[in-house]
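The values are calculated or read from the model by the stated rules, or taken from the named source; none is laboratory data. Everything numeric in this text was worked out from a predicted model, so none of it was measured. Cβ coordinates were reconstructed from backbone atoms using ideal geometry, including for glycine residues, and neighbour counts include every protein chain displayed.
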Amino acid sequence: MATQAPALPRVPEPADFDSYWARVAAELDRTEVAPEIELIPLRSSAEVRIYALHFTSIGPYRLFAYYALPAANTEGKPPGVDVRLPGYASVVGVPAGGLDRRWSGSRAVLALCHRGQRLSDRPYAAAFPGLLTDGIESPDTYVWRSIVADACRAVDAALSRPIDEIDRTDVVVTGNDLALFVAMLRGKRLASVRAAPALFNRLPETLPATHDYPLEEFNDYLRAYPGRAEAVARTLAYFDPLAAARRAACPVETPT
């Protein structure tokens, strides 16, 4: 059994929590979305057209997303859009038919590959395990600052589609902790968010009771660098999903 990791200190919500994330939003606003779209015939079918959608997040950093659009509009109006934020994995699946049974033929789907994940891994290819602690010594270097921006930019990319193609008033975001930060930073543009926090929720209580990955990455890091526990706690205080949820600007559903 692994040596017990040092405890993650409990720290209060940072006084500059709002300004920290406002700076991220401002950086996004200064960065052009610059969308480019290309049909992927091999992935498309009679029911759904699958596109490669490229766009730019902070850095600047070019991102990839699968964009699935119903081939036939049977409802007489443009479809709503489901923006799907990825889980903690190196690969994001294609959102279409038998390849992804969650796909609903009546709605468009945008499935983001955030930076570090395959198809969005140039110039940065994330390590799994390792992504959860990359740059964690400071909130300004922590890679998840940029990944939250990528998730917000996925919403912007969906809203960049033509008004005769999608219903911009019906954009729904689904994901893990990232979805709550999107609700905070992009909620005014969304119909709703469905979030299942799995990475950053109540870590001081959770980490001593787990040896499971990906959360064990935090414990591995604290064992390797016990003198950095306070700095890690200060960084993670900016990524508290409950703090983001309290600031959500749209309806949010979470598992009961």
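Kindly evaluate Val148 against the criterion of being closer than 30 Å to Arg107 by Cα, of a type in the set (A, V, I, L, M, F, W, C) and at pLDDT 95 or above. For Val148, the condition - closer than 30 Å to Arg107 by Cα, of a type in the set (A, V, I, L, M, F, W, C) and at pLDDT 95 or above - is met. Residues that are within 28 Å of Leu236 (Cα to Cα) and outside any helix (DSSP H, G or I) were ranked within region 14-32; the one that is farthest from the chain's Cα centre (by Cα) is Ala15.
Restricted to region 203-240, and to residues there that are polar (S, T, N, Q) and under 14 Å from Thr133 (Cβ atoms), the residue that is surrounded by the fewest Cβ atoms within 10 Å (Cβ to Cβ) is Asn219. If the condition is being part of a strand (DSSP E or B) and modelled with pLDDT under 95, then region 36-48 contributes only Val48.
Scanning region 22-41 for residues that are farther than 19 Å from Ala65 by Cβ, touching a residue at least 12 places away in the same chain (Cβ under 8 Å) and not small (Gly, Ala, Ser) turns up Val24, Glu27. Inside region 57-105, residues that are at pLDDT 95 or above, assigned to a loop (DSSP other than H, G, I, E, B) and touching a Phe, Trp or Tyr at 6+ places or on another chain (Cβ under 6 Å) make up a count of 1. What is the residue count in region 21-69 for residues that are exposed (fewer than 15 other Cβ atoms within 10 Å of the Cβ) and of a type in the set (Ser, Thr, Tyr)? Counting residues in region 21-69 that are exposed (fewer than 15 other Cβ atoms within 10 Å of the Cβ) and of a type in the set (Ser, Thr, Tyr) gives 1. Total residues in region 204-256 satisfying the condition of being without any contact (Cβ under 8 Å) to a residue 12 or more places away in the chain, within 21 Å of Ala89 (Cα to Cα) and assigned to a loop (DSSP other than H, G, I, E, B): the figure is 2. The set of residues in region 123-162 that are touching a residue at least 12 places away in the same chain (Cβ under 8 Å), closer than 19 Å to Ala34 by Cβ and assigned to a loop (DSSP other than H, G, I, E, B) comprises Tyr124, Ser160, Arg161.
Any residue at all in region 187-202 that's part of a helix (DSSP H, G or I), in contact with a helix residue (DSSP H, G or I) (Cβ under 6 Å, 6 or more places away or on another chain) and buried (at least 19 other Cβ atoms within 10 Å of the Cβ)? Looking for residues that are part of a helix (DSSP H, G or I), in contact with a helix residue (DSSP H, G or I) (Cβ under 6 Å, 6 or more places away or on another chain) and buried (at least 19 other Cβ atoms within 10 Å of the Cβ), one finds none in region 187-202, hence no. When the residues of region 116-128 are filtered to those that are farther than 14 Å from Val148 by Cα and in contact with a Phe, Trp or Tyr (Cβ under 6 Å, 6 or more places away or on another chain), the one that is surrounded by the most Cβ atoms within 10 Å (Cβ to Cβ) is Ser120.
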